[in-house]
Amino acid sequence: MADNVSDIQAYYDKRVEQEHGRLEHHQVERDITWRYLDKYLPPKGKILDIGAATGAYAIPLAQKGYSVTAVDFSSKLIAACQKRVAEEKLGKKVTCLVADARNLSGVADRNFDAALLMGPLYHLVLEEDRKTALKEAFQRLKTGGIIFSTFISRYGIWGDVMKNVPQMVKLQADLKSIIKRGRDSDHPAPEIQYRAYFAKVSDVNALHKNAGFKKLVLAGVEPARVDDTSYNNLKGEIRQLWLDLLFSISTEKSALGASNHLLYIGVKE
C-alpha cells in the first residue's frame, strides 16, 4: 500500500515562500546542480520536472528554450509556479500540473528527453514508493533520455541538524532509526516535522539500476561540506574559481556521503 503523504503535502502548502527562496540560501547546491544540468541535458527538447515546486529549475530551463512540464503534488506550489510562468510570459513553454510522483497518469507524453526528480524521493519513505516514482519517470522518457534525481544523504545531514535543531539529539529512537534504515521511527516524536528518507550512496545506485537506468554520474552537490554563507558571499572571479574547484571534486567517492544532497544522473537504455 502506498504511503499517505498528506502530511508532507501540507508541510509544503504552508511553506511556499520558504521553498521559493530555498536555493538562494543554498547557492552551492544550486550552482553545482546547474553545472551538471548544462553538461548532461541535450541542447534542446522536452523536460519533465517532477517535484518542480515554484519553478526553480523549470522556469530557467524554459528560458533556455526547453519545453517543460512542471509537476508537483502541492497545489499551492504549482499555483506559485504558474504565476511565475505568466509573469515571465512562458505560457507556451511551461505546462504546470498537480500530480503525485507515484502517479503521473495525467502526463500522457512518453517521449521526454530528460526528467528531473529533484525532491520527491526525499519524502517517499517506503522503498516501493521510490521504485514506483522512478518507474513513472522511466516510462515517460524516450530511449536515451536522461534522469536527474536527488537524495538527502544519510550521513551528510548531521552538521546542519546540530546547527539548526541541536535539541533533536534527544530524540534517540528517531535518530537511531534514521541511521539504521534511513527514516524516522514508525511512531516519530511530535517534534519531527520533516518526515523524510535519508539515503546511503549504495542505495541510490541500486535503486536506479533496478529501475533500468545506467549511471552516468553520482555527485555530492555540497562538496567538501562548504559553508553556505562563505560561498554565497563570494563574488566574481574568486567565486568562479571556487565553483570550478568544487565541481571538480564533487564526484570523489570517499567524500560523497558527507554532502547534504546526492545528485544521480543516469540514462534510459
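The values are calculated or read from the model by the stated rules, or taken from the named source; none is laboratory data. Everything numeric here is computed off the predicted structure, so don't read it as measured data. Here the Cβ is made from the backbone with ideal geometry for all residues, glycine too, and neighbour counts use every protein chain on show.
On the basis of being crowded, with 16+ Cβ neighbours inside 10 Å, charged (D, E, K, R) and either under 18 Å from Val161 (Cα atoms) or modelled with pLDDT of 95 or more (or both), does Lys268 make the cut?
On the way: crowded, with 16+ Cβ neighbours inside 10 Å: yes; charged (D, E, K, R): yes; either under 18 Å from Val161 (Cα atoms) or modelled with pLDDT of 95 or more (or both): yes.
The answer is yes for Lys268.
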Inset, instruction - Specify the residue that is nearest to the chain's Cα centre (by Cα); the eligible residues are those in segment 76-105 that are closer than 16 Å to Leu134 by Cα and touching a residue at least 12 places away in the same chain (Cβ under 8 Å). - result: Ala101
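Only one of Ala53, Ala62, Ala70 is on the phi > 0 side of the Ramachandran plot, touching a strand residue (DSSP E or B) at 6+ places or on another chain (Cβ under 8 Å) and either at pLDDT 95 or above or surrounded by 15 or more Cβ atoms within 10 Å (Cβ to Cβ) (or both). Can you tell me which? Talk me through it step by step, then tell me what you get.
Numbers: Ala62 fails: on the phi > 0 side of the Ramachandran plot; Ala70 fails: on the phi > 0 side of the Ramachandran plot.
When all the criteria are applied, what remains is Ala53.
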Inset, instruction - Considering each residue of segment 104-131, count those that are farther than 22 Å from Ala199 by Cβ and loosely packed, with under 15 Cβ neighbours inside 10 Å, and give that number. - result: 6
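Considering only residues of segment 225-239 that are without any contact (Cβ under 8 Å) to a residue 12 or more places away in the chain and surrounded by 12 or more Cβ atoms within 10 Å (Cβ to Cβ), which is farthest from Lys163 (Cα to Cα)?
Applying the first criterion (without any contact (Cβ under 8 Å) to a residue 12 or more places away in the chain) to segment 225-239 yields 227, 229-230, 233-239.
When the remaining residues are screened for being surrounded by 12 or more Cβ atoms within 10 Å (Cβ to Cβ), the result is 227, 234, 239.
Details: Asp227: 12, Leu234: 22, Arg239: 25 Å.
Checked segment 225-239; the qualifying residue farthest from Lys163 (Cα to Cα) is Arg239.
Table: residues versus (1) over 22 Å from Val5 (Cβ atoms); (2) in contact with a Phe, Trp or Tyr (Cβ under 8 Å, 6 or more places away or on another chain); (3) in a loop (DSSP other than H, G, I, E, B).
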site	(1), (2), (3)
Ile178	no, yes, no
Ile192	no, no, yes
His208	no, yes, no
Leu241	yes, no, no
Asp244	yes, no, no
Gly257	yes, yes, no
Inset, instruction - Note down all Cβ pairs under 6 Å where the first residue falls in segment 12-33 and is touching a residue at least 60 places away in the same chain (Cβ under 8 Å), the second is surrounded by 17 or more Cβ atoms within 10 Å (Cβ to Cβ) and of a type in the set (Asp, Glu), and they're at least six residues apart or on different chains. - result: Val28/Glu222; Glu29/Glu222
Legend entry - Restricting segment 246-255 to residues that are in contact with a strand residue (DSSP E or B) (Cβ under 9 Å, 6 or more places away or on another chain) and assigned to a helix (DSSP H, G or I), the residue that is surrounded by the fewest Cβ atoms within 10 Å (Cβ to Cβ): Lys253
